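So the structure is just underneath, and the comments pick up after that.
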Amino acid sequence: MAPSSRAHQPPGPPPPDPSPPEDADAAARAHLDLTRSLSYGDYLHLDTLLAAHRPVTGAHDEHLFIAVHHVSELWLSLIVRELQAAMPLLAAGVTDAPLKGLTRVVRAQEQLTGAWEVLKTMTPADYLQFRSAFGQASGFQSAQYRMVELLLGNRDPVLLRPHAHRPDLYAPLQAALHAPSLYDLALRLLAARGITLPGEVLERDFTARPEEHPAVLDAWLAVYRDPEHHWDLYELAEKLLDVEDNFRRWRFNHLTTVERTIGFKRGSGGTSGAGYLRRALDVVLFPELWQVRTSL
Ligand code: HEM
């Protein structure tokens, strides 16, 4: 008797194509004459985008190096945009749309961090073939990266100086330096919901990185001890932690990529290189959100 199990049946012919007959020539039915209408490349300005990709040497890996930087800057631009959309809403007491926006930030950060996996395929020898092409240029001078840091609350006026010669970049960075950060706005929201926070926290000097403050820890403790009552604030706290968690991962992967590519040489931007980046790992953006775990 033949076995009844499908697993024992000999492989038969492939199943019939489920596409309805009208899809048989689907490609031929697409819009193929674009002489008079907006095409994909037109809409996305792909000529402009790809024209920005200009390796200086003939080194094979310079293409990769530029592509990963370009892709990273595009994600940074999206992150800046999402943060700048979320912050005024948060200031107005709205949490649902900012939570959605921050989820997008978290996903974009994952893409940024994933880019290291591609770049890590470049060896030190590959890199040295084009290193001379970019002189003193460095990601240290990325205005969008600085903007993300400023919006999240990592504030150090020195880091704005590379942009002083570009008023179009410098002015928005200066404005962000003097305005409340995402974390400051979250704390103001806690206060607006009746959780006690002193004026010295709410009206702090925004140009400096915030110091850990016992009253802020108490405020987050109130949220974490009664999440049902403060559900959106609790969600916001965890989302902020996701953002910082991902930020740390990006920094760590950058450092590791730098060490495996240039070792402990000085950076093209003039810092000590890996040593500088290692110290940046100690930066804590939302200190009380990490502390609250210990205190619960
Ligand atoms: C092999 C590739 C890379 C190497 C060797 C490298 C090296 C470095 C070094 C040594 C620094 C310290 C500043 C200095 O230049 O003196 C730095 C900073 C920085 N790099 Fe890279 N980098 C690489 C790829 C990237 C990529 C793909 C990005 C993406 C945007 C990036 C973004 C940054 C940023 C934002 C900083 C400033 C970090 C801070 O101030 O905390 N780097 N990089």
Determine, for Ser72, Ser138, Ser39, the number of other Cβ atoms within 10 Å of each Cβ, and report the residues in order from fewest to most. Ser39, Ser138, Ser72
The rounded separation in angstrom of the Cα centers of region 69-146 and region 169-248 is 22
Which of the lysines could a cross-linker bridge to Lys265, judged by Cα under 27 Å and excluding same-chain residues fewer than eight apart? Lys120
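Over region 162-276, what is the relative contact order in whole percent, taking alpha-carbon pairs under 8 Å and six or more residues apart? All intermediate terms of the calculation are to be shown ahead of the outcome.
On the way: 55 pairs, mean separation 16.0, N = 115.
The normalised contact order for region 162-276 reaches 14 percent.
At a Förster radius of 22 Å, what calculated FRET efficiency corresponds to the Cβ-Cβ distance of Thr121 and Asp47, to the nearest 0.05?
Working: r = 28 Å, r/R0 = 1.28.
With a Förster radius of 22 Å, E is 0.20.
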Separation of the Leu74 and His31 label points, Cα + 7 Å toward Cβ, nm: 2.1
Using θ = phi - 60° and the Karplus curve 6.51 cos²θ - 1.76 cosθ + 1.60, what whole-Hz ³J(HN,Hα) does each residue of region 280-296 get, with Gly and Pro shown as x? 5, 5, 7, 5, 10, 7, 10, x, 5, 6, 7, 5, 4, 4, 5, 7, 5
Sequence ranges 230-236, 177-183, 125-131, ranked by mean other-Cβ count within 10 angstrom, highest first: 177-183, 230-236, 125-131
Computed over the chain: relative contact order in percent, which uses C-alpha pairs under 8 Å that are six or more apart: 19
Between Ala137 and Ser39, what is 0.36 nm times their sequence separation minus the Cα-Cα distance? Round to one decimal in nm. 31.8 nm
Across region 88-99, in residue order, what do the Karplus-derived ³J(HN,Hα) couplings come to in whole Hz, using 6.51 cos²θ - 1.76 cosθ + 1.60 with θ = phi - 60° and x for Gly and Pro? x, 5, 4, 4, 8, x, 8, 10, 5, 5, x, 5
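Per the helix-only calculation at 222 nm, which mean residue ellipticity applies to the chain, given -39500 (n - 2.57) for every DSSP H run of n ≥ 4 and division by its residues, nearest 500 deg cm²/dmol? Walk me through the numbers on the way to the answer.
Numbers: 13 runs with 169 residues, N = 296.
Estimated from H runs of four or more residues: -18000 deg cm²/dmol.
A short reminder: the numbers here are calculations on the coordinates, not readings from a lab. Values in this document were obtained by computation on a predicted structure and should not be read as measured data. Here the Cβ is made from the backbone with ideal geometry for all residues, glycine too, and neighbour counts use every protein chain on show.
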